[in-house]
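This report refers to the structure that appears directly beneath it.
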Amino acid sequence: MRTSGVLRSSGVWRSAAAATVLAALVAVSGCTIQPAGPPGTSPAATPPSAGASSPAGRSPGDAKPPSSAGQPASEVLWSPGDRGKDVRELQARLREVLWLYEGPTGTYDASTVYAVKGFQGKRGLPRTGTTDSVTWQRLLGMTHEPGKWDLYASGGQPAAKPDPRCMTGRVLCISKTSRTLRWMIDGRTVSTMAVRFGTEYTPTREGVFNVYFKSRHHVSTLYDSPMPYAMFFSGGQAVHYSADFAGTGYYGGSHGCVNVRDEGKIAALFSQVRNGDKVVVYW
């Protein structure tokens, strides 16, 4: 009996020694011992005990709710009332896919809201009327990057710096680069408006001219088309209002005349310009 007691004591001692060595190895490695789970499971698969804390204050097993119909949350990029070049690009791309027929104006107006809603609804997106990142990415994938005159198809572009020949006297200062007309008196800009020129086959002449004839209700004898508020400066070429320019923007062209799309502005200009006033057409 004494011998077996010694053996039992010796076995306990060996077990305690082994546990001590294992604990020392674990401490050196930086690991922790996980309690074994049921057969066939790993420690990580063991469910947390009741009352255990979880990330973001959620109860164990809670999941973050989906944003909408399983779609990821999206950031609102532009909404009604916003202005700027980014809005112009949005409008130009909506024109490409025939959801918008006006502008671009650079202002997120009611027409833009209507177009965005239509585009979203056609593609199964929430019809919010605001442009979020999901709507924008879908539109980008269906359109090409608009060019300068797609962005300013209906005007609104900044006027170019006046030509030095425009700085004295009464001048219609017309830039082909910015497609603008400045009405200037002694170097001061009185008004500015968008203009359109002749096509490749009927170009608008460049140089210095003078207004030699004005005709409020003029009709072209060559093309049988109306030319209201016409101010002739070189042969049959004149500055005049164009309903086609107002309707289609820079997607069309004139037969050589300088078209103005804003009837109110050219009406005011027509009342101020006199025969003999200078006209400068330049790049």
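The values are calculated or read from the model by the stated rules, or taken from the named source; none is laboratory data. A quick note: this is a predicted structure, and the numbers were derived from the prediction, not measured. Cβ coordinates were reconstructed from backbone atoms using ideal geometry, including for glycine residues, and neighbour counts include every protein chain displayed.
A few comments on the model shown:
- Meets criteria (of a type in the set (G, A, S), in contact with a Ser or Thr (Cβ under 9 Å, 6 or more places away or on another chain), surrounded by 14 or more Cβ atoms within 10 Å (Cβ to Cβ) and over 21 Å from G169 (Cα atoms)) for A238: no
- Against the test of being surrounded by fewer than 17 Cβ atoms within 10 Å (Cβ to Cβ) and either outside the structural domain of H240 (by TED's automatic domain parsing) or in contact with a helix residue (DSSP H, G or I) (Cβ under 6 Å, 6 or more places away or on another chain) (or both), the options W183, W149 yield a single qualifying residue, W149.
- Looking across region 158-167 at every residue that is surrounded by fewer than 19 Cβ atoms within 10 Å (Cβ to Cβ) and in contact with a Lys or Arg (Cβ under 9 Å, 6 or more places away or on another chain), the one that is farthest from G253 (Cα to Cα) is identified as R165.
- Filter pass, V195 being free of Cβ contacts under 8 Å to residues at least 12 places away in the same chain, among the aliphatic types (A, V, I, L, M) and over 16 Å from Q272 (Cα atoms): no
Condition check ((1) small (G, A, S); (2) within 30 Å of the chain's Cα centre (by Cα)) across all residues:
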{"residue": "D244", "(1), (2)": "no, yes"}
{"residue": "C257", "(1), (2)": "no, no"}
{"residue": "S271", "(1), (2)": "yes, no"}
{"residue": "D277", "(1), (2)": "no, no"}
{"residue": "V281", "(1), (2)": "no, no"}
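- S111 vs. criteria free of Cβ contacts under 8 Å to residues at least 60 places away in the same chain and over 19 Å from V87 (Cβ atoms): no
- Hey, A243 under 17 Å from V190 (Cβ atoms), modelled with pLDDT of 95 or more and assigned by TED's automatic domain parsing to the domain that holds V171 or not: no
- Qualifying residue in region 212-226 (condition: at pLDDT 95 or above, under 15 Å from C173 (Cα atoms) and assigned by TED's automatic domain parsing to the domain that holds T192): no
For (1) assigned to a helix (DSSP H, G or I); (2) crowded, with 19+ Cβ neighbours inside 10 Å; (3) not aromatic (F, W, Y), each residue gets a yes or a no:
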{"position": "S191", "(1), (2), (3)": "no, no, yes"}
{"position": "A194", "(1), (2), (3)": "no, yes, yes"}
{"position": "T204", "(1), (2), (3)": "no, yes, yes"}
{"position": "Y223", "(1), (2), (3)": "no, no, no"}
{"position": "D244", "(1), (2), (3)": "yes, no, yes"}
{"position": "I266", "(1), (2), (3)": "yes, yes, yes"}
{"position": "R274", "(1), (2), (3)": "no, no, yes"}
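Conditions (1) within 20 Å of C257 (Cβ to Cβ); (2) touching a Ser or Thr at 6+ places or on another chain (Cβ under 6 Å); (3) of a type in the set (S, T, Y), marked per residue:
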{"position": "V87", "(1), (2), (3)": "no, no, no"}
{"position": "G106", "(1), (2), (3)": "no, no, no"}
{"position": "G129", "(1), (2), (3)": "no, no, no"}
{"position": "L139", "(1), (2), (3)": "no, no, no"}
{"position": "T143", "(1), (2), (3)": "no, no, yes"}
{"position": "L172", "(1), (2), (3)": "yes, no, no"}
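- When residues in region 90-129 are screened for being within 13 Å of the chain's Cα centre (by Cα) and crowded, with 20+ Cβ neighbours inside 10 Å, 11 of them pass.
- Only one of the numbered conditions (1) without any contact (Cβ under 8 Å) to a residue 40 or more places away in the chain; (2) surrounded by fewer than 15 Cβ atoms within 10 Å (Cβ to Cβ); (3) in a loop (DSSP other than H, G, I, E, B); (4) not assigned by TED's automatic domain parsing to the domain that holds R274 is not met by H144, and that is (1).
- Qualifying residue in region 79-95 (condition: in contact with a Gly (Cβ under 9 Å, 6 or more places away or on another chain), farther than 26 Å from F245 by Cα and in contact (Cβ under 8 Å) with a residue 40 or more places away in the chain): yes
- Close pairs from region 264-280: first on the phi > 0 side of the Ramachandran plot, partner part of a loop (DSSP other than H, G, I, E, B) and surrounded by 14 or more Cβ atoms within 10 Å (Cβ to Cβ), Cβ under 7 Å, at least 6 apart: G276/V211
- Filtering region 128-160 to residues that are in contact with a Phe, Trp or Tyr (Cβ under 9 Å, 6 or more places away or on another chain) and basic (K, R) leaves only R138.
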